[in-house]
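The values are calculated or read from the model by the stated rules, or taken from the named source; none is laboratory data. Since this is a predicted model, take the numbers as computed values, not measurements. Ideal geometry is used to build each Cβ from the backbone, glycine not excepted, and the neighbour counts take in all protein chains shown. Note: accessible area is taken over every heavy atom of the protein model, side chains too, but ligands, DNA and RNA are not part of it. Shrake-Rupley method; radii C 1.70, N 1.55, O 1.52, S 1.80 Å.
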Amino acid sequence: MEKLIPVVVIKELSETEKILSALQKHGINCAEITFRTACAAEAIALAVKKFPDMSVGAGTVINAEQCEAALKAGAQFIVSPGLSVDVAKICKERNIPYYPGCVTPTEIMQAIELGITIVKFFPANVYGGLKALKALAAPFPQIKFIPTGGVDRNNLDEFLAFEKVYAVGGSFMVKEALEKYAQ
């Protein structure tokens, strides 16, 4: 898995190649395509086909139905804003990484019970940022975090320097890549 996970919102299928190509040129070989748009599953399928060297996952997956659709489209990992037991079970059965959003000790404990050791910390800026991550890491040494939401160029290095940060997610990477590499 990459250390940078761009959160990609594809509103029209035609945007898929432009965005993923820009990300690759920007040195990022990963994309979390959000399930917030009507063409999300199609975009994932196209991304997996056209960019076989990229790690392509589905984000904003909030239920089993979306998870099934994302996996059918070829998603290689699943990300949720919160923790879904149903999604966790599907991913575990199929040996697909699942990164649920967990910001409280109770949610982290539930993730651990489900066999999950990497969680999304979202929205990171609202729930205390790096200071909160460090506090949560103490009682949960087996957990690694993917802070997303409020992470940008100004604090990226600080997050990545913390050994309990598995990766960092954000839409800012897409914006940067498109500004630099989009035709």
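Quick notes on this structure:
- Test: ALA132 is surrounded by 14 or more Cβ atoms within 10 Å (Cβ to Cβ) and out of contact with any Pro (no Cβ under 7 Å at 6 or more places or on another chain): yes
- Filter result (touching a residue at least 40 places away in the same chain (Cβ under 8 Å) and either in a loop (DSSP other than H, G, I, E, B) or crowded, with 18+ Cβ neighbours inside 10 Å (or both)) within region 155-170: TYR166, ALA167, VAL168, GLY169, GLY170
- Cross-chain or 6+ apart pairs with Cβ under 9 Å, region 59-79 first and at positive phi and open to solvent by 30 Å² or more (accessible area, probe 1.4 Å), then in a helix (DSSP H, G or I) and not basic (Lys, Arg): THR60/ALA40; THR60/GLN66
- Of all residues in region 17-36 being in a loop (DSSP other than H, G, I, E, B) and of a type in the set (A, V, I, L, M, F, W, C), the one that is most open to solvent (accessible area, probe 1.4 Å): PHE35
- Tally, over region 1-52, of residues that are hydroxyl-bearing (Ser, Thr, Tyr) and in contact with a Ser or Thr (Cβ under 8 Å, 6 or more places away or on another chain): 1
- Inter-residue pairs, beta-carbon under 8 Å, first farther than 13 Å from ALA69 by Cβ and in region 86-97, second small (Gly, Ala, Ser) and in a helix (DSSP H, G or I), 6+ apart: ASP86/ALA64; ALA88/ALA111
- Search result, residues across region 135-152 that are within 20 Å of SER80 (Cβ to Cβ) and surrounded by 14 or more Cβ atoms within 10 Å (Cβ to Cβ): LEU136, PHE140, ILE143, LYS144, PHE145, ILE146, PRO147, THR148, GLY149, GLY150, VAL151
- Count - residues of region 38-54 that are open to solvent by less than 30 Å² (accessible area, probe 1.4 Å) and out of contact with any helix residue (DSSP H, G or I) (no Cβ under 7 Å at 6 or more places or on another chain): 2
- SER55 being under 20 Å from PRO6 (Cβ atoms), among the small types (Gly, Ala, Ser) and either at pLDDT below 95 or within 17 Å of the chain's Cα centre (by Cα) (or both): yes
- Some residue of region 4-16 being without any contact (Cβ under 8 Å) to a residue 12 or more places away in the chain and in a loop (DSSP other than H, G, I, E, B): yes
- In the set PHE172, PHE122, PHE162, PHE145, only one residue is at pLDDT 95 or above, in contact with a strand residue (DSSP E or B) (Cβ under 6 Å, 6 or more places away or on another chain) and closer than 24 Å to HIS26 by Cα; that residue is PHE145.
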